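Right, one structure below, let's go through it.
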Amino acid sequence: MHIGAYSLAISVSYLIGSLPTGYVAGLARGVDIRTAGSGNIGATNVFRVLGKAAGISVLAVDGAKGFAAARWVPLLAEKCFPGAAADNLALAAGAGAVLGHVYTCWLKFQGGKGIATSAGVGFAWAPWACGVTLAVWGIVFVLTRYVSVASIAAAVLLPVMVWVFHYGTKMTIVMTALAVLAIYKHRTNIRRLLAGTENRAWGKKNPSSPPP
């Protein structure tokens with residue numbers, strides 16, 4: 001086992017994932033996104049607080065972080081440590097990027113919920129499975145108007161699709177672990193959904209709801 005290769009892949013990918021895109025976008029507008037809306041630095045909160053352009057930009061960059069880490073960092077690690085298994089390095093790198101986003105070292109390990117970064121990793125690992133999952137995310141979102149419900153549904157579905165499309169047991173296990181992490185990060189949303197106080201993406205705001 002090439003410890004050096006895995007250490008390099010995880011470390012570099014963690015640093016890529018740890019870039020607090022939403023926080024930086026807020027600073028550019030003179031806003032500490034951690035003190036506005038839900039306080040989360042992810043794209044959904046940026047969209048609500050800073051607007052559509054900022055939200056789309058943060059979503060794109062967060063997704064690109066995951067894709068770049070899972071696709072290209074393993075190639076760097078393999079070049080530095082010839083003989084290391086590229087597939088396993090890709091799994092380690094993808095997981096490192098998501099952990100970097102969710103627990104960024106730059107903000108006292110308080111980051112986003114990992115959906116966009118996990119999607120980027122998914123497209124690098126298993127594009128067909130991720131494409132189907134993204135379509136389901138869109139359908140659930142349109143039907144419910146809850147970003148959280150669509151994201152939780154996608155988190156549950158993605159490892160299933162990885163298995164269905166025969167991307168391998170190892171990838172299915174790692175993707176399942178990332179899905180569990182994503183659902184855990186949505187625990188406050190789940191509580192609000194159960195209480196009927198979660199805000200929808202559009203329409204009349206629930207007057208009893210706390211910040212989204």
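Taken together, the values in this text are just the output of simple stated rules run on the coordinates, not laboratory data. The shown structure was predicted, so the numbers you read here are calculated from the model rather than taken from an experiment. So basically every Cβ, Gly included, is an ideal-geometry build from the backbone, and we count neighbours across all protein chains shown.
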Going fewest to most other Cβ atoms within 10 Å around each Cβ, T104, T144 line up as T144, T104
What is the diffusion coefficient of the chain in µm²/s, taking the Kirkwood radius over Cα pairs and the Stokes-Einstein relation at 20 °C with a viscosity of 1.002 mPa s? 123 µm²/s
In nanometres, what is the gap between the two model label sites at H166 and S7, each 7 Å from Cα along Cα-to-Cβ? 3.9 nm
Take a quick pass over the chain and tell me how many lysine pairs come in under 21 angstrom between Cα atoms, counting only ones 8 or more apart or on separate chains. 10
Name the residues of region 113-131 whose amide N is less than 20 Å from a point 7 angstrom out from the Cα of I139 along the C-beta direction? 119, 123, 127-131
Normalising by the residue count of the chain, find the relative contact order in percent from Cα pairs under 8 Å and 6+ residues apart. 20 percent
Using the 10 angstrom Cβ neighbour count as an exposure proxy, how do H2, H186, H101, H166 rank, fewest first? H166, H2, H186, H101
Tell me which DSSP H helices of the chain clear both cut-offs, 20 Å or more of axial length from alpha-carbon atoms and a mean Kyte-Doolittle hydropathy of at least 0.0. 3-17, 52-80, 86-102, 127-144, 147-164, 169-185
Determine the gain in length on full extension of the stretch I183-D87; use 0.36 nm per residue of separation and subtract their C-alpha separation, reporting nm with one decimal. 32.0 nm
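Using only helices, what value at 222 nm comes out for the chain when you add -39,500 (n - 2.57) per DSSP H run of length 4 or more and divide by the total residues, to the nearest 500 deg cm²/dmol? Write out the running numbers ahead of the final one.
Details: 10 runs with 150 residues, N = 212.
Value at 222 nm, helices only: -23000 deg cm²/dmol.
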L75 to I173: extension gain in nm, 0.36 nm per residue of separation minus the Cα-Cα distance? 33.1 nm
